[in-house]
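Asks: Please see the structure below; I have some questions.
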Amino acid sequence: MPLNFKTLWTQLSGLTSQEKELIAQFEKDPKATTCVASSDILRKRGYLDEAIVLLEDTVKRFPGYMAARVALGKDYFTRGLFAESLEQIETALSQTIENLMAQRLRLKLALLSKDFAKCRQTIDVLRNLTPMDDFTRAAIEYIDLEDFASARNMVFAELRRL
């Protein structure tokens with residue numbers, strides 16, 4: 001049964017005027033950008049599964065909108081759906097290798113799958129992208145020392161927090 005977003009929106013409390021306006025735009029004309037922004041609203045309020053459903057629909061309707069694929073990949077990662085996450089991330093990176101969020105997620109997925117060659121390849125790309133976040137900086141230091149176990153443990157710690 002498809003998700004009824006109109007009903008879901010009414011269940012959300014504490015929406016800002018900007019969020020209400022975005023939801024109204026989404027309801028009127030669900031463009032790719034409003035779909036991704038609406039999924040952010042859901043995710044921030046703990047509706048991760050609903051955000052995934054919205055992003056899956058967005059990717060089907062707008063297959064070339066890579067920001068939706070990256071957001072979906074991130075949500076899949078949060079849910080522990082690593083193969084699905086990697087599929088979305090690799091598709092996005094096939095179109096634009098400079099996508100910083102996708103590269104960071106690719107590194108985490110490569111660490112989890114113990115694909116250390118892909119870790120090194122991803123780090124080579126990340127070294128040329130900015131800004132460097134704390135996770136990436138620490139992971140690079142560990143990987144440069146060939147300490148993949150510590151880098152993987154950082155990913156596991158993040159997953160526990162999520």
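To keep it simple, each residue is scored yes or no on (1) touching a strand residue (DSSP E or B) at 6+ places or on another chain (Cβ under 7 Å); (2) aliphatic (A, V, I, L, M); (3) under 25 Å from Val53 (Cα atoms); (4) modelled with pLDDT of 95 or more.
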position: Phe77; (1), (2), (3), (4): no, no, yes, yes
position: Ser94; (1), (2), (3), (4): no, no, yes, yes
position: Arg152; (1), (2), (3), (4): no, no, no, yes
position: Ala157; (1), (2), (3), (4): no, yes, no, yes
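Asks: Please work out if Ala51 is in contact with a Lys or Arg (Cβ under 6 Å, 6 or more places away or on another chain), open to solvent by less than 60 Å² (accessible area, probe 1.4 Å) and either in contact (Cβ under 8 Å) with a residue 24 or more places away in the chain or assigned to a helix (DSSP H, G or I) (or both).
Replies: Values: in contact with a Lys or Arg (Cβ under 6 Å, 6 or more places away or on another chain): yes; open to solvent by less than 60 Å² (accessible area, probe 1.4 Å): yes; either in contact (Cβ under 8 Å) with a residue 24 or more places away in the chain or assigned to a helix (DSSP H, G or I) (or both): yes.
So Ala51 passes the test.
Asks: Can you tell me which condition Ala149 does not meet? The list is (1) within 21 Å of Glu84 (Cβ to Cβ); (2) free of Cβ contacts under 8 Å to residues at least 12 places away in the same chain, and all the others hold.
Replies: (1)
Asks: Any residue in segment 21-38 that is open to solvent by less than 100 Å² (accessible area, probe 1.4 Å), aliphatic (A, V, I, L, M), more than 19 Å from Tyr65 (Cα to Cα) and within 16 Å of the chain's Cα centre (by Cα)?
Replies: Within segment 21-38, none of the residues are open to solvent by less than 100 Å² (accessible area, probe 1.4 Å), aliphatic (A, V, I, L, M), more than 19 Å from Tyr65 (Cα to Cα) and within 16 Å of the chain's Cα centre (by Cα).
Asks: How about segment 72-162: which helices (runs of 4 or more DSSP H) wholly inside it have at least 3 residues that are under 12 Å from the mean Cα position of the chain (by Cα) and surrounded by 14 or more Cβ atoms within 10 Å (Cβ to Cβ)? Steps first, please.
Replies: Values: elements: 82-95, 100-112, 116-127, 134-144, 148-161.
Fully inside segment 72-162 and qualifying: 82-95, 100-112.
Asks: Restricting attention to segment 55-71, which residues are part of a helix (DSSP H, G or I) and not β-branched (Val, Ile, Thr)?
Replies: Quick first cut of segment 55-71, residues part of a helix (DSSP H, G or I) only: 55-61, 66-71.
Of everything in segment 55-71, those that are part of a helix (DSSP H, G or I) and not β-branched (Val, Ile, Thr) turn out to be Leu55, Glu56, Asp57, Lys60, Arg61, Met66, Ala67, Ala68, Arg69, Ala71.
Asks: Go through segment 54-71 and count every residue that is among the hydroxyl-bearing types (Ser, Thr, Tyr) and either open to solvent by less than 10 Å² (accessible area, probe 1.4 Å) or in contact with a strand residue (DSSP E or B) (Cβ under 9 Å, 6 or more places away or on another chain) (or both).
Replies: Of segment 54-71, the ones among the hydroxyl-bearing types (Ser, Thr, Tyr) are 58, 65.
Okay, now just the ones that are also either open to solvent by less than 10 Å² (accessible area, probe 1.4 Å) or in contact with a strand residue (DSSP E or B) (Cβ under 9 Å, 6 or more places away or on another chain) (or both), so 58.
Total satisfying the criteria: 1.
The values are calculated or read from the model by the stated rules, or taken from the named source; none is laboratory data. As the structure is a computational prediction, the values presented were derived from the model and not from experiment. Neighbour counts run over all protein chains shown; Cβ positions are idealised from the backbone, glycine included. The protein model used for the area step is the full one, side chains on, heavy atoms only, and it has no ligands, DNA or RNA in it. Shrake-Rupley method; radii C 1.70, N 1.55, O 1.52, S 1.80 Å.
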